[in-house]
Amino acid sequence: MTTKIKMTHTFNAPRDLVFKAFSESEHLLNWWGPKGWAFDIKKFDLRPGGLFHYKQTAPDGTEMWVKFIYHEVNSPEKIVYTNSFSDEEGNTVRAPFDANWPLEFSVTFIFSEDGDKTILTMEGEAVSPTEEEAKTLEASQDMVREGYEVTFNQLADYLLMV
């Protein structure tokens with residue numbers, strides 16, 4: 001059973017620009033999150049110990065709050081954070097779509113240069129999952145990968161405009 005997810009995506013943009021898209025809220029507003037969902041940032045503090053707290057709203061009006069706690073920020077090479085679903089005040093809560101979804105994920109983004117392109121490596125892992133949470137995540141690997149891929153494709157489109 002695996003609770004780890006690793007994937008890469010190549011962007012036709014320089015590393016500094018791709019890193020800025022992840023590290024500046026005015027960029028994140030334009031591409032982060034599920035396709036077709038509204039995205040509102042409550043707090044964005046990119047530093048070790050800092051908080052990224054946001055709301056995403058589905059086309060049907062369903063709201064989900066999410067928070068990241070940053071652990072490492074090494075511009076323009078690496079960002080490490082723990083993310084979880086939250087309430088509006090930032091308290092960690094269970095995922096609204098599955099009570100057996102892992103409570104927290106540790107995520108690492110590595111930004112590597114390849115000429116004028118950037119290779120983004122994403123590694124994610126459930127933090128101390130219960131057996132049931134691990135089973136739920138393992139069964140959802142394709143859904144998680146697809147979600148990140150859609151988000152990365154949105155970023156690729158956005159990078160063509162900046």
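The values are calculated or read from the model by the stated rules, or taken from the named source; none is laboratory data. Being a predicted model, the structure only gives us computed values, none of them experimental. Heads up, the Cβs are rebuilt from the backbone with ideal geometry, glycines too, and the neighbour counts pull from every protein chain shown. Note: areas computed on protein heavy atoms with side chains; ligands, DNA, RNA excluded. Shrake-Rupley method; radii C 1.70, N 1.55, O 1.52, S 1.80 Å.
Taken over segment 125-150, the criterion of being open to solvent by 70 Å² or more (accessible area, probe 1.4 Å) and either within 17 Å of F109 (Cβ to Cβ) or under 15 Å from the mean Cα position of the chain (by Cα) (or both) is satisfied by E125, M143, R145, E146.
State which residue is modelled with the highest pLDDT when the search covers only segment 94-114 and only residues that are of a type in the set (S, T, N, Q) and either under 17 Å from S25 (Cα atoms) or over 17 Å from the mean Cα position of the chain (by Cα) (or both).
S112
Considering (1) open to solvent by less than 50 Å² (accessible area, probe 1.4 Å); (2) touching a helix residue (DSSP H, G or I) at 6+ places or on another chain (Cβ under 7 Å); (3) in contact (Cβ under 8 Å) with a residue 40 or more places away in the chain, the lone condition that L46 does not fulfil carries the number (3). A residue that is under 24 Å from T8 (Cα atoms), more than 17 Å from the chain's Cα centre (by Cα) and surrounded by 14 or more Cβ atoms within 10 Å (Cβ to Cβ) cannot be found anywhere in segment 82-93. Take segment 25-53 and flag every residue that is farther than 23 Å from E77 by Cα, of a type in the set (F, W, Y) and part of a strand (DSSP E or B). Across segment 25-53, the qualifying residue is only F39. Of all residues in segment 81-92, those satisfying the criterion of being in contact (Cβ under 8 Å) with a residue 24 or more places away in the chain and closer than 26 Å to A139 by Cβ are Y81, T82, N83, S86, T92. From the list D98, D60, the one residue that fits, being without any contact (Cβ under 8 Å) to a residue 12 or more places away in the chain, outside any strand (DSSP E or B), over 23 Å from N12 (Cα atoms) and not hydrophobic (A, V, I, L, M, F, W, C), is D60.
Each row is one residue, and each column tells you yes or no for (1) within 21 Å of V144 (Cβ to Cβ); (2) open to solvent by less than 50 Å² (accessible area, probe 1.4 Å).
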| position | (1), (2) |
| --- | --- |
| L17 | no, yes |
| S25 | no, yes |
| G33 | yes, yes |
| D40 | no, no |
| K55 | yes, yes |
| D60 | no, no |
| V66 | yes, yes |
| H71 | yes, no |
